[in-house]
Amino acid sequence: MTRAKLCGLTRGDDLHAAVDAGADMVGFVTGVPIETPRELDPEAAADLVDRVPDGVTSVLVTMPDSPAAGADLVDRVGADAIQVHGFSAEEIDELAAATDRSVFAAVDAADDLSGYTAADAIVLDSTDEHGAGGTGETHDWERAREVVADLDTPVLLAGGLTPENVASAVRTAEPFGVDVSSGVEEAGGKKDHDALRRFVERATVESVRA
Ligand SMILES: O=C(O)c1ccccc1NCC(=O)[C@H](O)[C@H](O)COP(=O)(O)O
């Protein structure tokens, strides 16, 4: 069954709704050098991470200055996994060596991914000029399908997914999982609880049919 990662959570009631909707992974954005309504300070992220139930993977989403800084931050926040945007394959190697948490490499779908072998998962995203995610932009799902087929590493398809398009995305790319943030918001940083539920339902129903 396709896994669902619900990302950019900033409020306790949104976390609760994401878990109730059936999220496999929940993401919290901390330590990014761009303006985003989804950013939390590390203490607020740690507080939400503490409230993630067993069986749901907590993910720190960040853009650290160095692999060592990423390893320190994920320890401080206490998340199960660290998702890093904007790192080269060599920096992902260093991060994986510096932490015992899972490492998700968030990369632009157009990038060469062959070197990212140390990552536990690839988040295949649409990124902005800084390498940041949360863009709400889709990318070529046929190319994503080739990436999924070529890599041994699990791929989370991200970028512009919504409750309306996620079934088609899953059918086309057949990823290990899907990742959404802005497509399930009622306003910047605030999730629409009905959209969270519909997103997970449609992502997983489609994968059962496939
Ligand atoms: O959400 C942000 O503002 C953000 C900023 C900097 C780095 C990453 C960020 N978000 C990552 C995600 O929320 C998701 O992993 C992914 O990019 C999907 O975003 P969306 O296209 O909004 O569904």
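Restricting the calculation to alpha carbons of the chain gives Rg and Dmax of 15.4, 43 angstrom. With all protein chains in place and a 1.4 Å probe, the accessible surface of the range 1-42 carries 48 percent carbon and sulfur. Could you look at the range 80-195 and say what percent of its accessible area is carbon and sulfur, using a 1.4 Å probe and all protein chains? Carbon with sulfur: 41 percent of the solvent-accessible area.
When only the Cβ of Lys, Arg, Asp and Glu is charged (+1, +1, -1, -1), the dipole of the chain relative to its Cα centre reaches about 800 debye. Looking at the range 76-210, the accessible area is 44 square angstrom per residue; that uses a 1.4 Å probe and ignores ligands, DNA and RNA.
The values are calculated or read from the model by the stated rules, or taken from the named source; none is laboratory data. Since the structure is predicted, the reported quantities are computational estimates derived from the model, not experimental observations. Reconstructed Cβ throughout: ideal geometry from the backbone, glycine too, with neighbour counts over all protein chains shown. To get the accessible areas, we keep the full protein, side chains included, count just its heavy atoms, and leave off ligands, DNA and RNA. Shrake-Rupley method; radii C 1.70, N 1.55, O 1.52, S 1.80 Å.
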